[in-house]
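See structure below.
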Amino acid sequence: MLLLAGLPSLGLAPRADAIVRVAILTVVIGTIGWPVVDLRVRFPLGTIAVGVAVFAVWIAPDLLIPGWRGQAIFQNGITGRLTVSLPPEARDDLLVLALRLVRAALLVPVLEELFWRGWLPRFLDARDFQSLPLGHFSTTSFVATALLFAAEHGPFWEVGLIAGVAYNLWMQRTRSLGDLIAAHGLTNLLLGLFVLVTRRWEFWL
């Protein structure tokens, strides 16, 4: 997370930046995440439904209500301002776009679900988090995880909160990281395809 956050300060060209980001995430998953990740999807229909539903919720407010994201409740000194992370010169670069889609749909869901649903709620309830089963949530850890997940998404905090609640509930139901990774990956894939088709770059945080 620190490496990815610090990359913009290096001033890399868009292609180099995209390659480095994918490389970092791949190395982290391969060396740390892979031994503990179970990618089996046990509830495919429900997982697809959750992934599609979160995608729909994510884009609905901005499509249905003109100026929705411009309100002060979403863009302010606390949640930040809506910015486009993809520079103009990269928006027609097929390699950059492909790597961005791969990162969003295949790599980020693995790391984020390991953190948000695999580790954090259990750690909040027990320092020996492995003593608690996957899918364990107390009221405190459920709410804290959802709120922090929302905060991570800045000006999109309200749809981030809905997504966090939906993913938490599905984790409680399935107790399966594989299902959560698949649902999250499907959401991100659909969002990425939506961005590429509509060129609404602001949806790619």
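The values are calculated or read from the model by the stated rules, or taken from the named source; none is laboratory data. The shown structure was predicted, so the numbers you read here are calculated from the model rather than taken from an experiment. Cβ: placed from backbone, ideal geometry, glycine included. Neighbour counts: every protein chain shown.
Observations, loosely collected:
- Complete set of residues in segment 152-176 that are surrounded by fewer than 17 Cβ atoms within 10 Å (Cβ to Cβ) and free of Cβ contacts under 8 Å to residues at least 12 places away in the same chain: 152, 169
- Complete set of residues in segment 42-89 that are hydrophobic (A, V, I, L, M, F, W, C), modelled with pLDDT under 95 and within 24 Å of residue 185 (Cα to Cα): 82, 84, 86
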